[in-house]
Amino acid sequence: MRSITKHDIPEIAAQALEGQLGNPGAFLYSSHETIRPGEIYFLGLNPGGCGGPSLRERLDRILSQEENAYLDEAWENDGRSYEPGEAPLQKRVVWLFRNIGFDPREVLSSNLIFMQSKDASGVSIEHAHKCWPVHEALLSIVRPRLILTFGNSGFSPYGYIHARHGGNQRYAPSGHGNWSLKGFKTQMPWGEVFVAGIPHLSRYSPIGKEYVVDWIRNQGRA
């Protein structure tokens, strides 16, 4: 059986998301060039907001997309408009990548669920099940040693991966109330992977919290 390549992704996604392609959403927050072997894979829950291109439109250009949503897009949040890369969530993601030791443009960034909604109540575990075959294909190409997720409650990218793959969980203070950093090691087809879950970056800022960076690095090595 031949290995999956990036050129297989559009067909895999079209089959997995049959019936959903007319809905707004997004597949990648990074450029198509990140669909290649790398050390890290980054996931949020799902695209927020209202309107925008459909998944079918996104799929048509998934292999030519050059923009990075965290660096190149101008976002709006709570009625405010920001210059490209200047929205709080964008800045938090970029700070985290750089301090862990990765170029933000080199990290494959996506969401567990590709369908857009105003908030988490607009998507469900069934949406995640539909999208997971696409992630399995992307992961088989990237073969990361670290899957970094933001959102680590029960219904989150972290919670979903733990439910699928299992592993003894580790916890550490996040520096914000009773929110925790969470992580576990698990075996995937290409080897051992550390899955790290931090609180949702729309409500939690890791900026300046070097112990968060140290924890992610050290747990991945331990």
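The values are calculated or read from the model by the stated rules, or taken from the named source; none is laboratory data. Note that the structure is predicted; figures quoted are calculated from it, not measured. Cβ sites come from the backbone with ideal geometry, for glycine too, and all protein chains shown count toward neighbours. These accessible areas exclude ligands, DNA and RNA; they are computed on the full protein's heavy atoms, side chains included. Shrake-Rupley method; radii C 1.70, N 1.55, O 1.52, S 1.80 Å.
Counting every pair of alpha carbons in segment 105-212, the share spaced more than 22 Å apart comes to 33 percent.
Derived value for segment 45-122: Kirkwood hydrodynamic radius 13.8 Å. Basis is the mean of 1/r over every pair of different alpha-carbon atoms. Per-residue 3J(HN,Hα) values for segment 72-77, derived from phi via the Karplus relation 6.51 cos²θ - 1.76 cosθ + 1.60 with θ = phi - 60°, read 10, 9, 8, 9, 10, 8 Hz in sequence order (x marks Gly and Pro).
Solvent-accessible surface (1.4 Å probe) assigned to Phe27 amounts to roughly 10 Å². Taking amide hydrogens as placed 1.01 Å from N in the peptide plane, the amide H of Phe155 sits under 5 Å from that of no residue at least 5 positions away in sequence or on another chain. Applying the Karplus relation 6.51 cos²θ - 1.76 cosθ + 1.60 with θ = phi - 60° to segment 17-28 yields 3J(HN,Hα) values of 10, 3, x, 10, 5, x, 7, x, x, 7, 9, 10 Hz, where x marks Gly and Pro. Our estimate of slack between Phe155 and Gln15, defined as 0.36 nm per intervening residue step minus the Cα-Cα distance, is 48.0 nm.
Once the 1.4 Å probe is applied to the protein heavy atoms, segment 1-136 comes out at 50 Å² accessible per residue. Using the Karplus relation 6.51 cos²θ - 1.76 cosθ + 1.60 with θ = phi - 60°, the per-residue 3J(HN,Hα) values for segment 127-134 come to 4, 4, 4, 5, 7, 4, x, 5 Hz, with x marking Gly and Pro.
Heavy-atom surface analysis with a 1.4 Å probe gives the chain a carbon and sulfur content of 47 percent of its accessible area. With each label modelled as a point 7 angstrom along the Cα→C-beta vector, the Ala163-Arg98 pair spans 3.6 nm.
The value obtained for the chain, namely the Cα convex hull volume divided by the number of residues, is 121 Å³ per residue. Probing with 1.4 Å while keeping every protein chain in the model, the per residue accessible area of segment 137-222 equals 45 Å². Compared with the alpha-carbon gap, the fully stretched path from Ser121 to Thr5 is longer by 38.4 nm at 0.36 nm per residue. Per residue, the average separation of C-alpha pairs within less than 8 Å and at least 6 apart gives the chain a relative contact order of 24 percent.
Simple spin-label estimate for Asp60 and Tyr82 gives 3.0 nm between the two label positions (7 Å along the Cα-to-Cβ direction from each Cα). Were the residues from His176 through Glu67 laid out at 0.36 nm apart, the gain over their Cα-Cα distance would be 36.0 nm.
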